[in-house]
Every structure is written in C-alpha cells, then in structure tokens.
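In what follows, a structure is listed as structure tokens, so that the remarks can point back to it.
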Amino acid sequence: MLAFEDLANVLGLPAKEAALRSPFGLISRIEGGLPIAALERLAHLLAPNDSQFKYRFVPKATYERRKASRRLSSDEGMRIARVARVWSLALDVWQTDEAAREFLFRAHPMLEDRRPIDVIIQNEIGAEFVLEILASLKYGSAA
C-alpha cells in the first residue's frame, strides 16, 4: 500500500539518490535525521496558510535548534514520515491537494468526530485508523 517513491517525493528527498527511495534507504534516512526541509515541505503541503503548523511536529524552540543542525531527530522524522504517508494516500484518493486537506482537517465520524490530522500526528495507531478509512474509500467500502 505504501509507495516509497511517493513518500520520498512528499518528503522532498532528491530523486537522484535512488538508495534513499528504497524501503531500507528511507528508514536509514529517517533514523539518521531527515533534513529540516522535509518538515517545512510537509507543513507547506498540508497547511500552506498556517505558518505555525510545523510546530505541531517540533516545538518552536526545538525547531530553532534543529534549523542550526539542519536535521530532525529520528522520532521527529518518524512523525513526519507517518503524516507524509497518510498525505500521499489522501492525495491518491481525493486527487487534489484541496480535497485531501479538506478530508484531513475536517472532523470525521469514524474517528469520534476528531480531525484525521490530529489523530495522525498523535500516534501510529491513529494513523492506521485514518489509513483504513482512506483504503476503504479507495477500494470501494463506505467510510
């Protein structure tokens, strides 16, 4: 279900670095610290008009420190990759950035009226719930 090429594209990883686009290359890159640009890119894709959105992943003070090192921690990278993974499938299902954003930022009854984006950022299990909803939409079951 996960297209590593799509995930690498969402994270803004260079196309010329093919090794980073394999499953284990991507894992190594995340564990070694994604570039801060991956966070900035993802925040812009999901919330282009919200300059504060990136602080949902990394607190502001930590973000400033990360800018100096230009790398995220592995935990921060995992959180960003988790959201990028869901974003990629949401785009596949909804076909446009606006429609995918609308899905992610609107309360959903199958998530006890929580917004999918909040559930995804919170933890991996929440992301799996949202991925299941998106898979149901993509493959024909009602969600």
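The values are calculated or read from the model by the stated rules, or taken from the named source; none is laboratory data. Everything numeric here is computed off the predicted structure, so don't read it as measured data. With ideal geometry, Cβ positions are generated from the backbone for all residues, glycine too; neighbour counts draw on all protein chains shown.
Return the total of residues in region 1-23 being modelled with pLDDT of 75 or more and part of a helix (DSSP H, G or I). Counting residues in region 1-23 that are modelled with pLDDT of 75 or more and part of a helix (DSSP H, G or I) gives 8. Among helices (runs of 4 or more DSSP H) entirely within region 28-138, having at least 1 residues that are closer than 22 Å to A8 by Cα and modelled with pLDDT of 95 or more singles out 36-46, 74-94, 97-105, 116-122. Of all the residues that make up region 55-103, how many are surrounded by 14 or more Cβ atoms within 10 Å (Cβ to Cβ), under 22 Å from I36 (Cβ atoms) and hydrophobic (A, V, I, L, M, F, W, C)? Here the count works out to 10.
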